[in-house]
Amino acid sequence: MQAVVMTGTGSADVLELVDIPEPPSAPGPGEVMVRIAVAGVNFMDIGVRQGMAWTEMPNPKILGVEGAGRIVAVGPGVAMAVGQRVAWVYAPGSYAGKIVLPEAALVEIPDDVDDRTAAAIMMQGLTASHFATDFHPVQAAEVALVHATAGGLGLLLTQIIKLRGGRVIGRVSSADKVAIAREAGADHVIVDTQGDFASQVLALTDGEGVHVVYDGSGPTTFQGSIDSLRRSGTLCWYGPVLGGPGLLDIMNLPRSIKLGYAVFSDHIHSPELLREHAGRLFDWVVSGDLKVRIGGIYPLANAAQAHRDMESRATTGKLLLIP
């Protein structure tokens, strides 16, 4: 079968499409084999490629952690059946034709949700759910600042905040992304590339600031995000690829604000929670309350281009690979 491996650490040029043997036809206890229909592209994959994670795994190694497909074989003790459509959020080696993974890592896809939507909503949807319902449970009439609003995560996060009765100030990097952010429900959209947005946020909130900032845009926005918060506001920081803000003096944090680094796996730390929260996302999709924007679909062989496009910040919505 074909798979995309990273041959070393570096730019997208280290990605290579190779032919590798298929997994063993008989999965082990508690495991299933899935024929992958769609794999999701995430900033996490770029971080792995750049040497920020999986450093204990030798190269070449298969990238990708998220996808959707159909079960083709099951091991002993597995309740799921051959033929079921399933999706997953963290299974290393998802840029491939087939994968063997634990049944506990899988969720069943409802009949009225297609494979591409299912793959597109897993990591970014569960992350957005964690941010807005757990890390900082948005309350009715609260105001949130969402960075990269037109990206796959930002669009889902905006919609979930609106479902909870909140207001959204979105920040995008170019004027051509404003309409997309507004379509997702953003009440106001700021166009900014230099991290100079706090004054606009304060003007939009009568000088009070927002209740919560969701910031995965790296060090250039950190101070602006702090400046955008009201008293006792919360800064939800995420996404390691662009780097952190550096050393902090906690006694210099202003206005009794709260700051934390949010990781979606804390939201789904058991198979039961994975299925509960994924099921809620699927329900929102089926009801029309949550719309998934797919911003690009690439053949598996073009994974490197998908990475380049994501890194350019020119894309909107979710990027997918088709084996």
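The values are calculated or read from the model by the stated rules, or taken from the named source; none is laboratory data. Predicted model only: the values in this text are computed from it and were never measured. Because the Cβ atoms are built from the backbone with ideal geometry, glycine has one as well, and the counts that use them run over all protein chains shown. Each accessible area value is taken on the protein alone, full model and side chains, heavy atoms only, with ligands, DNA and RNA left out. Shrake-Rupley method; radii C 1.70, N 1.55, O 1.52, S 1.80 Å.
The single condition among (1) touching a residue at least 24 places away in the same chain (Cβ under 8 Å); (2) assigned to a helix (DSSP H, G or I); (3) under 22 Å from ALA181 (Cβ atoms); (4) not basic (Lys, Arg) that HIS307 does not meet is (3). A Cβ distance below 6 Å, combined with a sequence gap of six or more or placement on separate chains, defines the contacts here; from the stretch 94-105, residues that are modelled with pLDDT of 95 or more reach residues that are aromatic (Phe, Trp, Tyr) and open to solvent by less than 10 Å² (accessible area, probe 1.4 Å) in the pairs ALA105/TRP88. In the stretch 166-179, of all residues being of a type in the set (A, V, I, L, M) and touching a strand residue (DSSP E or B) at 6+ places or on another chain (Cβ under 8 Å), the one that is surrounded by the fewest Cβ atoms within 10 Å (Cβ to Cβ) corresponds to ALA175. When you check GLY279 against the structure, is it free of Cβ contacts under 8 Å to residues at least 40 places away in the same chain, assigned to a helix (DSSP H, G or I), open to solvent by less than 40 Å² (accessible area, probe 1.4 Å) and among the small types (Gly, Ala, Ser), yes or no? Judged against the criteria, GLY279 is not a match. Criterion first (touching a strand residue (DSSP E or B) at 6+ places or on another chain (Cβ under 9 Å), closer than 23 Å to ARG49 by Cα and either touching a residue at least 60 places away in the same chain (Cβ under 8 Å) or of a type in the set (S, T, N, Q) (or both)) does ARG313 satisfy it? In short, yes. For the stretch 47-57, the set of residues classified as open to solvent by less than 60 Å² (accessible area, probe 1.4 Å) and in a loop (DSSP other than H, G, I, E, B) consists of GLY51, ALA53, TRP54, listed by residue number. For the stretch 19-44, taking the residues that are touching a helix residue (DSSP H, G or I) at 6+ places or on another chain (Cβ under 7 Å) and part of a loop (DSSP other than H, G, I, E, B), the one that is nearest to ILE294 (Cα to Cα) is identified as ASN42. Among the residues of the stretch 193-247, those that are hydroxyl-bearing (Ser, Thr, Tyr), closer than 24 Å to SER174 by Cβ and open to solvent by 60 Å² or more (accessible area, probe 1.4 Å) comprise THR193, SER199, THR220.
Under the condition of being over 20 Å from the mean Cα position of the chain (by Cα) and modelled with pLDDT under 95, the residues counted in the stretch 200-221 number 1.
Each residue in the stretch 58-67 was checked for being in a loop (DSSP other than H, G, I, E, B) and touching a residue at least 24 places away in the same chain (Cβ under 8 Å), and 6 of them qualify.
Where strands (runs of 3 or more DSSP E) fall wholly inside the stretch 164-273, the ranges with 2 or more residues that are without any contact (Cβ under 8 Å) to a residue 60 or more places away in the chain are 167-172, 188-191, 229-237, 258-261. Of everything in the stretch 141-195 that is at positive phi and in contact with a Ser or Thr (Cβ under 7 Å, 6 or more places away or on another chain), the residue that is modelled with the highest pLDDT is GLY185.
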